[in-house]
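I have placed the structure first, in the form of structure tokens, so that the comments after it can refer back to it.
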Amino acid sequence: MLKYLGFKREEVILGPALGEDGAVIEIGDKAVVSSVDPITGAVERIGWLALNICANDVATFGVKPLFFSSCILLPEKSNEQVLETICRQIDEAARKIKVAVIGGHSEVTPHLQNPIVVGHCMGITEKKSYVTSGGAKAGDHLILTKEAGIEGTAILATDKYETLKKSVDTKILISAQKFFEKISVVKEAILAFQHGGVNAMHDPTEGGIAGGIHEMADASNLGVTVFEKDIPVTKETQAICRFFGIDPLQLLSSGALLIAAKPNKSQEIIEKLKANSIQARIIGKFVEDREERKIIKKNGKVEELVRPELDHLWIALQK
């Protein structure tokens with residue numbers, strides 16, 4: 001698809017690229033970061049996710065998301081209340097991170113089973129004052145904020161509640177449903193970037209932590225070594241993944257943030273995040289050889305870091 005990019009314009013500094021979730025356009029002494037994401041599913045949270053997931057992609061550049069627009073596609077039997085619910089969710093999410101909703105489009109679309117919200121988010125910064133997913137350097141420490149499988153855990157605890165409650169404690173499931181509140185990475189991305197020492201950032205979504213690490217390494221043309229024991233997995237995620245027989249490291253992980261940091265700055269960044277109530281840990285490091293993608297298991301065994309073919313959320317939903 002990367003050969004179909006229309007007219008080449010000099011303002012486009014970063015266009016579509018492997019491992020990158022946004023574009024950078026430089027105009028004068030300013031840079032505009034732009035990202036687009038679709039969200040599908042039930043009405044209960046689709047607007048909230050549409051804004052936050054899109055804003056996350058802008059924030060991983062170290063740029064504050066400022067503006068949001070959406071294309072809302074609704075099934076034929078939808079009523080005005082459905083549209084109002086989605087717009088209210090977008091409004092609530094936008095107010096929380098101080099983003100302006102600047103427009104968009106809505107329509108009833110034939111043959112849809114569930115609503116679709118396609119979001120577009122933008123941020124503005126000074127020229128060259130940003131990072132990309134592809135900026136990691138060999139020797140950089142790989143930092144992970146929060147934990148693995150955040151969004152996937154929340155979705156399964158909600159959509160598969162009746163199935164799960166037969167084997168998993170309801171208190172764990174109710175706690176897991178609240179993981180939606182942890183979806184935004186805007187705060188930690190901006191804090192880390194502003195502290196200094198950050199070479200690259202990426203939010204692991206489809207394919208989970210494992211997929212996100214591969215995307216970051218692909219974009220940076222590097223290899224990586226990861227330590228399984230250092231990757232936090234909550235008891236909620238462990239219980240749900242155990243029930244479905246899926247891998248927490250391959251589960252949709254919006255809400256976590258991957259940071260490539262200079263070794264002499266990584267601990268400072270972690271302390272800065274912790275001072276702002278955001279947990280973070282070093283889970284690995286980047287290496288020169290791009291073919292070297294390894295994970296050191298808890299038992300000390302060295303294995304290839306799995307490259308997910310399919311997010312394990314879909315495996316669980318199909319069971």
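The values are calculated or read from the model by the stated rules, or taken from the named source; none is laboratory data. Keep in mind the model is a prediction, meaning the values are calculated, not measured. Using ideal geometry, Cβ is built from the backbone for each residue, glycine included, and neighbour counts are taken over all protein chains shown.
Computed values, structure above
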| read-out | value |
| --- | --- |
| Selection within segment 209-225 - over 15 Å from the mean Cα position of the chain (by Cα) and buried (at least 21 other Cβ atoms within 10 Å of the Cβ) | 217, 220, 222, 224 |
| Any pair with Cβ under 7 angstrom, 6 or more apart, that starts in segment 304-315 at a residue that is in the same structural domain as residue 209 (by TED's automatic domain parsing) and in a loop (DSSP other than H, G, I, E, B) and ends at one that is of a type in the set (Lys, Arg) and surrounded by fewer than 21 Cβ atoms within 10 Å (Cβ to Cβ) | 305/294 |
| Residue ranges of helices (runs of 4 or more DSSP H) in segment 199-292 with at least 3 members farther than 25 Å from residue 55 by Cα and in contact (Cβ under 8 Å) with a residue 60 or more places away in the chain | 235-244 |
| Given (1) in contact with a strand residue (DSSP E or B) (Cβ under 8 Å, 6 or more places away or on another chain); (2) surrounded by 15 or more Cβ atoms within 10 Å (Cβ to Cβ), index of the condition residue 279 fails | (2) |
